[in-house]
Protein chains: 2
Amino acid sequence: MNLQTEQASAIVSAFAQAWNRHDMAAFADLFAADAEFVNVVGLWWKGKEAIRVAHEFTHAAMFKDSRLSIVSTEVRFPVEEIAIARSRWSMEGHLGPDGAALPQRNGILLNVLRRSEGTWAIIDSQNTDIVEGVASRPQ
Amino acid sequence: MNLQTEQASAIVSAFAQAWNRHDMAAFADLFAADAEFVNVVGLWWKGKEAIRVAHEFTHAAMFKDSRLSIVSTEVRFPVEEIAIARSRWSMEGHLGPDGAALPQRNGILLNVLRRSEGTWAIIDSQNTDIVEGVASRPQ
């Protein structure tokens, strides 16, 4: 793994580490000020502050004991300053509306990163749940 | 709208036009040879040919009479040669496993495009269904 791939992958690892500490300030600091984020149900947040507030909200409730694992990450560099990092993830310990723990879930997270003055930051994330056994939804 | 935004948006419009003609060769031609695509249930296709084959499969069945509408597209240029285009979309006329038409569905499509020799091509797509009234899934 070359240095650029290592550095971009480290940001994705830090995403999961901050998630698992439920430290949404550290989480938000991985993002550029004007970053955007679309979550698994199509909520679209614009700006690092909106990303922080939204994740603080869910981490006070359904995600408060959740654990996110990055299963694998593949990184491409369409140009030198941009990385496209796609990760398979799994999550355990998230809660349903009744407070009961839900089964493990899996998904694919896309992060687009930009390097500025030697430092990588996430400029765009989009997340998609994996639904096994179907070609699309609803089915 | 400046010229670069117009050109990138035109690729997204062409995506929907090819979809609605169910012309998956034209659809695939919007993508770079090494493009990747993650669909709404987390299927991950690598390369323009895999993207074409997968969409031919679904357009022979559940999507054969479907109509995709791009509701809005916002384009950002993190560097000159890269565009991040995010589109809200709606779809009608897709079929369930029993062949009956399903209700309208909505989603958010991310396309990352690269400009090469004056021409924009999609290098990465990730698609997410909108689920109304929830913060995440499953709930």
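Summary of values
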item	result
In the range A:105-120, the residues that are at the interface with another protein chain (Cβ under 7 Å from one of its Cβ atoms) and touching a residue at least 60 places away in the same chain (Cβ under 8 Å)	A:Gly107, A:Arg114
Filter pass, A:Val134 being open to solvent by 10 Å² or more (accessible area, probe 1.4 Å), of a type in the set (A, V, I, L, M) and in contact with an Asp or Glu (Cβ under 9 Å, 6 or more places away or on another chain)	no
Residues of the range A:14-38 satisfying the condition of being free of Cβ contacts under 8 Å to residues at least 60 places away in the same chain and either part of a helix (DSSP H, G or I) or in contact with a Cys (Cβ under 8 Å, 6 or more places away or on another chain) (or both)	A:Ala14, A:Gln17, A:Ala18, A:Trp19, A:Asn20, A:Arg21, A:Met24, A:Ala25, A:Ala26, A:Phe27, A:Ala28
Residue check, B:Val79 surrounded by fewer than 18 Cβ atoms within 10 Å (Cβ to Cβ), among the β-branched types (Val, Ile, Thr) and touching a strand residue (DSSP E or B) at 6+ places or on another chain (Cβ under 9 Å)	yes
The one condition in (1) open to solvent by 10 Å² or more (accessible area, probe 1.4 Å); (2) in contact (Cβ under 8 Å) with a residue 24 or more places away in the chain that A:Ile123 fails to fulfil	(1)
Count of the range B:53-76 residues which are open to solvent by less than 70 Å² (accessible area, probe 1.4 Å) and of a type outside the set (Gly, Ala, Ser)	10
Residues located in the range A:76-97, provided they are of a type in the set (Gly, Ala, Ser) and more than 10 Å from chain B (Cβ to nearest Cβ)	A:Ala83, A:Ala85, A:Ser87, A:Ser90, A:Gly93
Residues satisfying the stated conditions in the range B:40-71, i.e. within 11 Å of chain A (Cβ to nearest Cβ), touching a residue at least 12 places away in the same chain (Cβ under 8 Å) and among the hydroxyl-bearing types (Ser, Thr, Tyr)	B:Ser66
Tally, over the range B:96-114, of residues that are open to solvent by less than 60 Å² (accessible area, probe 1.4 Å) and either among the β-branched types (Val, Ile, Thr) or out of contact with any strand residue (DSSP E or B) (no Cβ under 6 Å at 6 or more places or on another chain) (or both)	6
Among the candidates A:Asp34, A:Asp29, residue that is facing another protein chain (nearest Cβ under 9 Å), out of contact with any His (no Cβ under 9 Å at 6 or more places or on another chain) and closer than 24 Å to A:Gln7 by Cβ	A:Asp34
Meets criteria (open to solvent by less than 10 Å² (accessible area, probe 1.4 Å), of a type outside the set (S, T, N, Q) and within 24 Å of A:Glu74 (Cβ to Cβ)) for B:Ala35	yes
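The values are calculated or read from the model by the stated rules, or taken from the named source; none is laboratory data. Keep in mind that what you see is a predicted model, and the values were worked out from it rather than measured. Ideal geometry is used to build each Cβ from the backbone, glycine not excepted, and the neighbour counts take in all protein chains shown. For accessibility, only protein heavy atoms count, side chains too; no ligands or nucleic acids. Shrake-Rupley method; radii C 1.70, N 1.55, O 1.52, S 1.80 Å.
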